[in-house]
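Everything below concerns the one structure shown next.
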Amino acid sequence: MHWVAIHYIFGYSLEDWVAILTIIGIIITGFKWLSKRSKKAIDNIEQNVLGPIYKELSKLNRNMEVSNRQYAKANERLEQGDKKFIRHDEQLKDHERRITNLERGNYK
């Protein structure tokens, strides 16, 4: 019968397992370090590049809202002016008709 010593697990010696776990630990540590560095780089990009862009877009959005309100007010004033113009035009036509009637001697 073939006996396997206790310090062999799945055919690997204790030294092999220590080496495998060391390599896995180094890889995991490398990934953690890389993720921290990349997170810092992404945060740096967000603050230094995207932050000013976001602020400028916010300003542009506010300016567009103000511009839209001013445009709506101007459009409303224009419509009111059109109504006044039509009313004055009707009054002018009425006055012209009344003057014409007076000149002709048609008193009503």
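The values are calculated or read from the model by the stated rules, or taken from the named source; none is laboratory data. As the structure is a prediction and not an experimental result, all values here were calculated from the model. In this analysis, Cβ positions are derived from the backbone assuming ideal geometry, glycine residues included, and neighbour counts consider all displayed protein chains.
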Against the condition at negative phi, part of a helix (DSSP H, G or I), loosely packed, with under 10 Cβ neighbours inside 10 Å and out of contact with any Phe, Trp or Tyr (no Cβ under 9 Å at 6 or more places or on another chain), how does E15 come out, does it pass? yes
Looking at N63, N44, which one is part of a helix (DSSP H, G or I) and either on the phi > 0 side of the Ramachandran plot or modelled with pLDDT under 95 (or both)? N44
